[in-house]
1. Here's a check for you: in segment 162-175, which residue that is surrounded by 11 or more Cβ atoms within 10 Å (Cβ to Cβ) and part of a loop (DSSP other than H, G, I, E, B) is nearest to the chain's Cα centre (by Cα)?
2. In segment 162-183, how many residues are hydrophobic (A, V, I, L, M, F, W, C) and under 18 Å from Thr120 (Cα atoms)?
3. Quick check on segment 149-161: of everything there that is assigned to a strand (DSSP E or B) and either modelled with pLDDT under 95 or open to solvent by less than 60 Å² (accessible area, probe 1.4 Å) (or both), which residue is farthest from Arg216 (Cα to Cα)?
4. Checking the conditions here, which among Lys154, Lys118 is touching a residue at least 60 places away in the same chain (Cβ under 8 Å) and basic (Lys, Arg)?
5. Please give the number of the condition Pro223 fails out of (1) farther than 21 Å from Thr60 by Cβ; (2) assigned to a helix (DSSP H, G or I); (3) not small (Gly, Ala, Ser).
6. Out of segment 33-69, which residues are part of a strand (DSSP E or B) and open to solvent by 40 Å² or more (accessible area, probe 1.4 Å)?
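The values are calculated or read from the model by the stated rules, or taken from the named source; none is laboratory data. Everything quoted here is computed from the prediction, not taken from an experiment. Cβ placement follows ideal geometry from the backbone for every residue including glycine, while neighbour counts extend to all protein chains displayed. We work out accessible area using only protein heavy atoms, side chains counted, and drop any ligands, DNA or RNA first. Shrake-Rupley method; radii C 1.70, N 1.55, O 1.52, S 1.80 Å.
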Amino acid sequence: MKIIVCIKQVPATSQVEIDPESGTLKRMGAESKTNPYDLFAIESALRIKEMLGGTVTAVTMGPPQAEAMMKDAFSMGVDEGVILSDKKFAGSDVLATSYTLSQGITALGGADIIICGKQTTDGDTAQIGPAIAEHLHIPHAAWVSEITYIDNEKIAVRQDLSEVTQVSEMEYPCLITVDKDIVVPRLPSYRLMKEVKDKKVRYLSFEDMPDKDLSRYGLIGSPTVVERIFPPDKMEEQVYIKGDASEKAKGLYNILKAKKFV
């Protein structure tokens, strides 16, 4: 069983810089983490591997700093990490990103099953997974809340859609996007951390893509343009109330009353 998991590095803070020309996030050097939904995808892939055997390869598109995320994936049990990294990929929208990922997956020889998180916390489009499947011309099921059956020939999944719950059965190759709480992601293993600390991450560039039509990649291949993007306003504010228990209780009451909570 060959399993590919598509993962992404997302900002770990809301205080991010925006490129004024492209309207995209400045990812180089920014504090980042693995997209939370992708942890459920990794865990789902590892459990399938434990049941049926095979390999799990994590694939991402991004700058070299994504290696840190790949190291975390290795420490969870992922066998191989691949980063699609090239200046020609910069500024990609959903269409260009999904096409680049589909080409990267093709360059790797495809997979029996591709697993993606439902969405990312920096884009929230929930479109990348289904778009990859469309580019690869394979069946897909989105918003998967449970894998109800799986063997070496097919997989059955439960999808929690907006108004109904649906059970879908697909033969391989196919793609699913998983929702949160489908499984509980395992913690990184200290033993694996030690074993994989020198493990190499594989890089693929534009020259490795089967389709070298530049009009399908990056800003050039992105038909949609973000008019405006900005970090959210800082809403949290710490308030310290001094005094004894009675004074603190009175101070807290006055704050809540002023905000009309009481």
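1. Pro173
2. Summing the residues that are hydrophobic (A, V, I, L, M, F, W, C) and under 18 Å from Thr120 (Cα atoms) in segment 162-183 gives 5.
3. Result: Ile150.
4. Lys118
5. Of everything listed in (1) farther than 21 Å from Thr60 by Cβ; (2) assigned to a helix (DSSP H, G or I); (3) not small (Gly, Ala, Ser), Pro223 misses just condition (2).
6. Result: Lys33, Thr55, Met61.
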